[in-house]
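Presented below is the structure to which this report refers.
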Amino acid sequence: MLEKIRPTIAILSKEMIEKVIDEALEILETVGVHVANEEAKRLLRERRCRVAERVLIPRDLVEECLKTTPPSIRVYDREGEAALVLEKDNVYFDPGSSVLQFLDYEKMEVRKPLTQDFADFARVTARMENIRAQSTAMVCSDVPKEIFDSYRLYIALCHCHKPVVTGIFRKASLPFMLELLKMVRGGSKALSEKPLALFDACPSPPLKWDDLTAQSVIDCAREGVPSEFISMPLAGATAPVTLLGAIVQHTAECLSGIVIGQTANPGAPLIWGGSPAVFDMRAGTTPMGAIETMMIDAAYAQIGKHLALPTHAYMGPSDSKLVDFQGGFESGMGTILAALAGINVVSGAGMLNFENCQSIEKLILDNEICGMAYRMIEGISQRDEPIALNLFRAVSTPRDDFLTLDHTLKWFGEEQYIPGLVVDRHSGDLGGLAEKPSAADRAHERAKKILAEDDPKPIREELGKELRELMKREGERYGMAQLPVASPR
């Protein structure tokens, strides 16, 4: 049998990759980065960095820290089952995080998310077979702002079994969020051995680590919990306008994060990620659906792979405000390109409006795009020897066809990705098109069916009670007597 190939895409040449890394190292050594966190500055000073208004990081320290950064991270679900292996060209999709808007499809309006919205979103995510992780996707507006970040994690853990991508808004939140995770896993050691969550850490462009983000990286490193860097250079605004210049900045920011994490705890799990964009000079926006944004993503992922690091990117969001044609083609392009680039964690399913809005209907449609992306990177296999010669001998008369062959029944399910019914592949009468349901309408009906069914992997009753009691006490600290209740549909 002939060996199949895995389809891939490369944006940068080997020479470009090496030059970008070299310039980034030079920037760190001679220009430096702003670090607002005192503990991070102390750690860096102890490792020969020159700490003044900027922190200058020696090239050899960066190279030393790269050697101690793990090339692979295993992530587990709420039940302790293996879920993700972040290494090489493995690809996993998750919804985007931290939106402040929710598309209410019944009312066709965008509004602030509520607890019920996020609980429904998490329950639907649990049923999306091609979306292998969940996220703290929404900021629920019906709780105090002091628990915006931790409450998201609580809702995610209660309503979906998949591993979760999360992050903090306040330094004070991280110990409590780690406590939630330790309660699920059974302690600090168990959480370190079987991580359940990835914590996003977003440096501020250009070349800044604020107090909050640096502390998150340090504390997660010490707990053995993976940090996922979300470097966000905006080409033409907060980064050089050239795509390669923005990639140099991304590289410098992530390398400085590697140093912070490894000086806190050598061997700490870290992910080379981001959410960069080009800056649209006409609209004054940061389009995630721009092809140049996707080119930056795929290119910086190449650099992460060159450095033997797990990778992440926001590739899959759309800038559209509705679940429409623009939403489909932007998300389709990004998802397919991310899969071809072999990016380990691909965030953005369900997202609209420049990463500001989540839609359950778009999540369901994006799940089908992700399924097609998985089929794409499986490549084409030789199933038989000879490939087809014997089949043509079996259908030698004009009345013969391939539909009735045992060979067809054996292989069609392996050869084709069969989408759900939200994808319309049926022929039929084209009359009355105005009354026919759109793809978004079909996705909405699918969501209603999912939410009417029992959770296939519900949280253990005792664990759910313990998490709720812990979250209730945290809410009471900030004046919330009772937590909102998410009702079954």
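Laboratory data are not the source of any read-out in this text; all were calculated from the coordinates shown. In this text, all values refer to a predicted model and were calculated from it rather than measured experimentally. With ideal geometry, Cβ positions are generated from the backbone for all residues, glycine too; neighbour counts draw on all protein chains shown.
Return one number: the angle in degrees, 0 to 90 and rounded to the nearest 10, between the long axis of the Cα atoms of helix 243-264 and the longest principal axis of the Cα atoms of the chain.
60 degrees
Which FRET efficiency value, to the nearest 0.05, do you get for R477 and E453 by plugging their Cβ-Cβ distance into 1/(1 + (r/R0)^6) with R0 = 30 Å? Working shown, then result.
Numbers: r = 36 Å, r/R0 = 1.20.
So, using R0 = 30 Å, E works out to roughly 0.25.
For the chain, find the longest principal axis of its Cα atoms and tell me its angle to the long axis of helix 325-341, 0 to 90°, nearest 10.
70 degrees
Report the full-extension gain for the segment R47 to E129: residue separation times 0.36 nm, less the Cα-Cα distance, to one decimal in nm. Mind showing how you got there, number by number?
Numbers: separation 82, 0.36 × 82 = 29.52 nm, distance 4.51 nm.
Full-extension gain reported as 25.0 nm.
At R0 = 60 Å, how high is the FRET efficiency between R282 and F402 if r is their beta carbon distance? Nearest 0.05 is fine.
On the way: r = 52 Å, r/R0 = 0.86.
That gives a FRET efficiency of 0.70.
Report, in degrees rounded to the nearest 10, the 0 to 90 angle that the Cα long axis of helix 439-452 makes with the longest principal axis of the chain.
80 degrees
Can you spot the aspartates and glutamates whose alpha carbon is less than 13 Å from K208's alpha carbon? Ignore those fewer than 8 places along the same chain.
Counting by Cα, and skipping residues close in sequence, K208 has these aspartates and glutamates nearby: E53, E253.
Would you mind checking segment 20-48 for residues with the amide N under 18 Å from a putative spin-label position 7 Å along Cα→C-beta of R222?
36-47
Sticking with the crude label model, points 7 Å out along Cα→Cβ, report the distance from L391 to E292 in nm, one decimal please.
4.5 nm
So for segment 200-262, considering every pair of alpha-carbon atoms, how many percent are separated by more than 15 Å?
On the way: 894 of 1953 pairs.
In whole percent, the long-distance tail amounts to 46.
Counting residues in segment 285-374 as N, plug N into 2.2 N^0.38 Å and put the Cα Rg over that result.
Details: Rg = 12.4 Å, N = 90, 2.2 N^0.38 = 12.2 Å.
Normalised Rg, Cα atoms only: 1.02.
Which one of M16, P205, A439 has its Cα pushed farthest toward the positive end of the charge dipole of the chain, where Lys and Arg give +1 and Asp and Glu give -1 at the Cβ?
Positive-end residue among those listed: P205.
Taking every alpha carbon pair in the chain, what does the distance histogram look like in 20 angstrom bins from 0, in percent?
23, 54, 21, 3, 0
Estimate the FRET efficiency between I418 and E18 by the formula 1/(1 + (r/R0)^6), using the beta-carbon distance for r and 56 Å for R0, to the nearest 0.05.
Values: r = 43 Å, r/R0 = 0.77.
It comes to 0.80.
Going 7 Å from the Cα of K171 toward and past its Cβ, which residues in segment 204-245 have a backbone nitrogen under 18 Å from where you end up?
Zone members listed by number: 204, 208-223.
At 7 Å along Cα-to-Cβ for each site, give me the label-to-label distance between S204 and S192 in nm.
According to this spin-label approximation, the distance is 3.2 nm.
Please say if segment 375-423 is rounded, prolate or oblate, where rounded means a/c under 1.5 for a ≥ b ≥ c the square roots of the C-alpha gyration tensor eigenvalues, and otherwise the choice is prolate for a/b larger than b/c and oblate otherwise?
On the way: a/c = 3.19, a/b = 1.54, b/c = 2.07.
Since a/c reaches 1.5 but b/c is at least a/b, the shape of segment 375-423 is classed as oblate.
In nanometres, what is the gap between the two model label sites at A308 and S72, each 7 Å from Cα along Cα-to-Cβ?
Spacing of the two 7 Å Cα→Cβ label points: 1.2 nm.
Which whole-Hz ³J(HN,Hα) couplings does segment 183-193 yield from phi under the Karplus relation 6.51 cos²θ - 1.76 cosθ + 1.60, θ = phi - 60°, glycine and proline marked x?
Karplus values, whole Hz, x for Gly and Pro: 5, 5, 8, x, x, 5, 5, 5, 5, 5, 6.
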